[in-house]
Structure formats: C-alpha cells, structure tokens
1. Compute the distance from the alpha-carbon center of region B:62-96 to that of region A:93-147, in whole Å.
2. Which of A:PRO115, A:PRO100, A:PRO52 moves most in a GNM of chain A, Cα contacts under 10 Å?
3. What list do you get for A:SER76, B:SER65 if you sort them by fewest beta carbons within 10 Å?
4. Angle between the Cα long axis of helix A:11-30 and the longest principal axis of chain A, 0 to 90 degrees, nearest 10?
5. For a test of the definition: using alpha carbon positions, the gyration tensor, and the 1.5 limit on a/c, classify region A:4-73 as rounded, prolate or oblate.
6. Could you tell me whether region A:50-195 comes out rounded, prolate or oblate from its Cα gyration tensor? Rule is a ≥ b ≥ c as square roots of the eigenvalues, rounded for a/c under 1.5, then prolate if a/b exceeds b/c, otherwise oblate.
7. Compute the acute angle (0 to 90°) between the alpha-carbon long axis of helix A:38-48 and the principal axis of greatest extent of the alpha-carbon atoms of chain A; round to the nearest 10°.
8. Using each residue's phi in region A:146-158, evaluate 6.51 cos²θ - 1.76 cosθ + 1.60 at θ = phi - 60° and report the 3J(HN,Hα) Karplus result to the nearest Hz, with x for Gly and Pro.
Amino acid sequence: MTANHEHYHHPETERHSAARTKAIESLLLEKGIIGSDTVDKVITFFETDMGPLNGAKVVARAWTEPQFREWLLRDSTAAVASMGFFGAEGEHIRVVANEPGVHHLIVCTLCSCYPWPLLGLPPYWFKDPVYRARAAIEPRAVLREFGLDIPAGTEIRVWDSSAQIRYMVLPERPAGTAGMSMAELVPLVTPGSMQGIELARPVAST
Amino acid sequence: MEPSRSLIDDLPADQAPPRANGEMVFAEPWEARAFGIALALSADGHYEWESFRQSLIRSIGRWESAHAVEDAGWSYYERWLEALENMLAECELVVPGELDQRTEEFTRRARDEAF
C-alpha cells in the first residue's frame with residue numbers, strides 16, 4: 001500500500017519488455033518517425049526539469065500572497081501558467097485548498113493522471129492498483145497507512161483526476177511560519193503535502 | 001497538446017533539478033525509453049495525447065479485470081508499453097509482424113543497438 005509496497009517482476013518478462021521497447025525505438029528511428037535525440041530530450045526533461053519543486057513554489061506563493069491564492073483557487077491553470085508551469089498534463093489543473101475541517105486527497109482511479117508541470121511524474125504508489133482502488137473508498141484508512149491521522153470531525157474529499165482535470169492540494173500553512181520568506185517556505189512543502197498524503201512540514205522547534 | 005508545437009517548447013526549463021518524491025521515477029531503463037517514445041510521438045503529432053491516455057486506461061483496465069487488485073505481477077510500465085504498442089498499430093506506424101520480428105532479433109542478440 002505504501003511506498004514500501006514491492007512487486008516482484010519476473011526477469012523473463014523484464015527482458016522481454018526491454019527487448020520490445022528497443023524494437024519499437026529501433027523501428028521508429030529506421031522509419032524516420034522519431035529523431036535520434038527526441039526520446040533522450042523527453043526523458044532528460046522529465047528527470048531534471050519537472051518535479052515537485054514547481055508545485056512547492058506555487059504553494060509558498062499562495063501562502064504569502066492572498067491575491068495569488070484567490071486567483072489560484074479560482075483559475076488554477078492560468079495562475080500556475082503565469083509562473084511558467086504548463087505543458088503536457090498541465091492543460092487543466094485545479095488546486096484544492098486544505099482548511100480547518102477539510103482535507104483533500106488526489107487519486108486517478110482509471111490510470112495515472114497527475115499534474116506533471118507541478119509535481120513531475122507520479123510516484124510508484126500513486127499508480128498502484130491498490131491505492132487507486134482504495135483511495136476513494138476508504139481514504140481515512142489509506143491516509144492512516146501513510147502515517148496521517150485525520151481527526152474524525154474533519155471531512156476528507158477525494159479528487160479523482162480521471163476526467164480532463166489534474167488536481168493538486170494546497171496544504172495549510174504550518175504554524176509558526178509568519179514572516180518567513182518564499183525561499184524559507186518552499187522546503188516545507190513536501191510532495192506528499194501536495195498529494196494530500198501528509199501535511200506541510202512543521203517548522204523545526206528550536 | 002498541440003501537435004504543431006514541440007513538447008519541449010511547451011515546458012518550462014528554468015527550474016532547478018528535483019527528483020520526483022525523492023524516489024526513482026523509472027525502475028528500469030526500458031521504462032524511461034517507453035515513456036519517452038510515447039511522449040515523443042505525441043509531441044510530433046502522430047496522435048493526440050488524450051488518445052494515448054485512453055489507450056493506457058484500456059490497457060490498465062484489461063489487466064485489472066483479469067487480476068486481483070493485489071496481484072504482485074502488476075507493472076505500470078508493462079501496461080504503458082502495451083498501450084504504446086496499440087497506438088503504433090492503430091496509427092499504422094508499424095506493420096503487423098515487424099515488431100515481433102525485431103523483438104526476436106534483439107532477444108537473440110542478432111541486433112544490439114543501444115538507446
């Protein structure tokens with residue numbers, strides 16, 4: 001269920017998939033359908049430039065600029081695009097805000113839709129059939145397994161990205177962060193807090 | 001995604017390198033290649049991204065209707081690869097048989113191109 005949930009993949013199947021993928025790339029290159037460096041460019045881009053740091057910047061800004069927060073919740077796609085975050089799987093983004101009494105969680109029950117420009121590629125557990133099957137049905141139990149206890153009086157809303165919309169959670173700003181700058185706030189915004197499986201990191205008590 | 005625009009052009013490029021959740025996004029090199037090929041074909045206009053997504057949903061749905069939800073044989077990127085193969089056939093980017101033949105050539109090492 002959690003990130004530790006491991007699957008065993010038969011080496012034979014892995015070898016076959018690797019050979020089949022090579023065969024596809026080899027044929028497409030030979031036919032001139034894809035360029036010799038196109039696939040490399042795509043992979044490099046996703047491995048280096050796209051990731052949850054983008055989403056963290058959006059969250060930190062929403063915490064510090066009420067006007068931006070209002071725009072973000074009203075028209076998320078436009079608000080995040082203004083920060084340069086758009087492109088594949090970012091066409092229709094909706095940011096939902098945690099608040100006292102309401103906690104949000106994201107899932108894609110049918111496949112793996114995820115706001116790539118803000119969070120990068122989804123982690124393993126997000127794509128797992130077990131999470132996808134259970135998140136909408138028993139979110140409280142699922143969150144507990146992730147180590148997050150949501151009080152009984154707090155409503156949990158689960159957002160299924162299987163339509164055209166990719167959701168992201170705006171976590172609540174941790175206590176004791178008044179006066180902190182964007183640069184200080186960004187590290188508090190964990191990927192999990194934008195998926196809804198945890199809260200933003202509390203400030204280390206000194 | 002508009003086919004006329006390159007995927008890379010559409011995406012921001014000024015961010016510091018993060019890792020997705022601090023964990024490896026791809027467990028095996030072929031997963032990254034299969035991922036990249038599917039996106040590249042969409043970016044070059046061979047199909048709409050939404051068509052690929054629907055193909056992926058069908059592939060995942062077929063697996064899930066044939067297996068228990070906790071089945072340890074689950075592999076996301078195998079479903080992704082199947083979705084990609086189906087798109088290649090649907091868009092007639094490969095002809096029937098040639099993919100099997102080339103896979104076999106790689107398997108018995110008659111070919112050994114590295115990507």
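We did not get these values from a lab; they are worked out from the coordinates using the rules stated. A quick note: this is a predicted structure, and the numbers were derived from the prediction, not measured. Ideal geometry is used to build each Cβ from the backbone, glycine not excepted, and the neighbour counts take in all protein chains shown.
1. Centre-to-centre (Cα) distance: 23 Å.
2. With Cα springs under 10 Å in chain A, the top fluctuation among A:PRO115, A:PRO100, A:PRO52 is at A:PRO100.
3. Placing the least packed residue first, the sequence is B:SER65, A:SER76.
4. The angle comes out near 70 degrees.
5. Oblate, because a/c is 1.5 or more while a/b does not exceed b/c.
6. Taking the square roots of the gyration eigenvalues as a ≥ b ≥ c, region A:50-195 is oblate.
7. Rounded to the nearest ten degrees, it is 30.
8. Whole-Hz 3J(HN,Hα) from phi for region A:146-158: 7, x, 10, 9, 8, x, 4, x, 9, 6, 10, 10, 9.
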